[in-house]
Amino acid sequence: MSDDHTHVQKFFTARAADWDSRFPDDGPAYAAAVADLGLRPGDRVLDAGCGTGRALPPLRAAVGASGVVLGADLTPAMLAAAVRAGRDRDGRLLLTDVAALPLRSGALDAVFAAGLIAHLPHPEKNLRELARVVRPGGMLALFHPIGRAALAARQGRQITPDDLRAEANLRPLLARSRWSMTSYVDEDARFLTLAVRAG
C-alpha cells in the first residue's frame, strides 16, 4: 500500500454505514481477545485502527472507569459510525494516522489492533510507532475475528508464503519493531498474536 491514504479512506468510507451489520456476530470474539490482552483496572489502552469501535466496550470494561481508552482511525465515516453506535462513551475517538500518533512516548500500557496490519503502508515502521507509545513491558494484540485461511476463503483468494500474518513472517517483523511475540493463534474462529514491548 502506498503512503496515499485516499485508497484506505475510500474503501472504509464506502462500507462504514453497514460495517457492523455485515459482521453482527463478532462481539464475543472481540471480548475474548481483549480478555487475552490481560488489561487491568487503570490501564491506558489504544484501539489502533478502531473503525466503528467494536473493541471499545470490552476495552473499557477491562480498564474500568479509572483507565484510559483511546480509539484511533484514519476514516471520518468509521468514527462517525462509532459515535452513532454510542461507542464514543467507552473511549475517546481520535481522527489520526496510527503511523504518526499524537501521543507521548510510553504513554500507554497496551495497543489493541483488529484487522490493522494488512492496511499498514510500512508495517515495520508503523509497528515501531505503536511500540513508541507503549511503555516497556506493555502489550500488543494483533487480532482478527477469523483466521487467515477462513479470511482468504471469504475473499476468494489463497494464502501465499509472503503473507505478513504467517508466524514465520510476523515474529521477525515484530522483533525488528521492538516487540517480542509471546503467543500466536491462527484458527478458523480467530487470529490473535500477542507481543510484549521490548525494553
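Each value in this text was obtained by applying a stated rule to the coordinates, not by laboratory testing. The structure displayed is predicted, hence computed values, not measured ones. Neighbour counts are summed over all protein chains in view; Cβ atoms, including those assigned to glycine, are modelled from backbone coordinates with ideal geometry.
Nearest-5 percent of antiparallel DSSP beta bridges in the chain?
Approximately 45 percent, going by the DSSP bridge assignments.
Considering the chain as a Gaussian network with a 10 Å cut-off on Cα pairs, which listed residue, Ser105, Ser180, Ser21, attains the greatest mean-square fluctuation?
Ser21
Rounded, prolate or oblate: which fits the range 153-199, taking a ≥ b ≥ c as square roots of the Cα gyration tensor eigenvalues, rounded meaning a/c under 1.5, else prolate when a/b beats b/c?
Taking the square roots of the gyration eigenvalues as a ≥ b ≥ c, the range 153-199 is oblate.
Taking 7 Å along the Cα-to-C-beta vector as the label spot, tell me the Asp163-Ser180 distance in nanometres, rounded to one decimal.
In this crude label model, Asp163 to Ser180 measures out at 2.8 nm.
For n ≥ 4 DSSP H runs only, could you compute -39500 (n - 2.57) per run for the chain, divide by its residues and tell me the 222 nm figure to the nearest 500?
Using -39500 (n - 2.57) per qualifying helix, the result is -9500 deg cm²/dmol.
Rank Ile159, Ile146, Ile117 by mean-square fluctuation in a GNM of the chain with C-alpha springs under 10 angstrom and give only the top-ranked residue.
Ile159
With r defined as the distance between the Cβ atoms of Arg154 and Ala107 and R0 fixed at 41 Å, what FRET efficiency is calculated, to the nearest 0.05?
Taking R0 as 41 Å, the efficiency between Arg154 and Ala107 is 0.70.
Which whole-number percent gives the relative contact order of the range 30-182, counting Cα pairs below 8 Å spaced six or more residues apart?
Computed value for the range 30-182: 21 percent relative contact order.
Across the chain, what fraction of all alpha-carbon pairs, as a whole percent, falls in each successive 10 Å bin from zero upward?
Calculated over all Cα pairs of the chain, the distribution is 9, 38, 41, 12, 0 percent.
For Phe11 and Ala198, what does the FRET efficiency come to when R0 = 45 Å and r is the distance between their Cβ atoms, rounded to the nearest 0.05?
Rounded to the nearest 0.05, the efficiency is 0.85.
Have a look at Ala149, Ala175, Ala81 and tell me which one the Gaussian network model of the chain (Cα, springs below 10 Å) gives the largest fluctuation.
Of the options given, Ala149 has the highest mean-square fluctuation.
Longest span of the chain, sites excluded, free of trypsin sites (Lys or Arg not before Pro) in DSSP loop with at most 10 other C-beta atoms within 10 Å?
So the longest stretch without any such site is 1-103.
Any chance you could run the full-extension gain for Ala65 through Ala118? It's 0.36 nm times the residue separation minus the Cα-Cα distance, nm to one decimal.
Extra length available between Ala65 and Ala118 comes to 15.9 nm.
How much length would be gained if the chain were fully extended between Asp36 and Phe23, taking 0.36 nm per residue of separation minus their Cα-Cα distance, in nm to one decimal?
That pair, Asp36 and Phe23, stretches by 2.6 nm at full extension.
Can you give the charge dipole size of the chain about its Cα centre, rounded to the nearest 20 debye, using +1 on the beta carbon of Lys and Arg and -1 on the beta carbon of Asp and Glu?
440
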